[in-house]
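The values are calculated or read from the model by the stated rules, or taken from the named source; none is laboratory data. All values reported here derive from a predicted model rather than from experimental measurement. Cβ atoms come from the backbone with ideal geometry, glycine included; neighbour counts cover every protein chain shown. Surface accessibility is based on the protein's heavy atoms, side chains included, excluding ligands, DNA and RNA. Shrake-Rupley method; radii C 1.70, N 1.55, O 1.52, S 1.80 Å.
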Amino acid sequence: MQKFGFKIQTRAGTTVDNLVVHATDLASAAEKLRKMYHHCTIVETRVVDELARGEGTDLESAISLIVGREKR
């Protein structure tokens, strides 16, 4: 599974940035996104680098960080 980042425009015209969807490929991620946001327009897509710092953390990253520190 990979993380795909999206910037979309809703049918009401609102821009939503930093949406992250887990999927096996970009087409699957876009399909999942369109199920959540009907009639949206995808403005930008990107593959989210899991090693990138400063873009927020997910629960698994936080747990691995805590567990890694306890082993020292």
Quick check: is even one residue across the stretch 41-62 open to solvent by less than 70 Å² (accessible area, probe 1.4 Å), touching a Ser or Thr at 6+ places or on another chain (Cβ under 7 Å) and at pLDDT 80 or above?
no
I need the full set of residues from the stretch 3-30 which are surrounded by 12 or more Cβ atoms within 10 Å (Cβ to Cβ) and out of contact with any helix residue (DSSP H, G or I) (no Cβ under 8 Å at 6 or more places or on another chain), in order please.
K3, G5, K7, Q9, T10, V16, V20, L26, S28, A29, A30
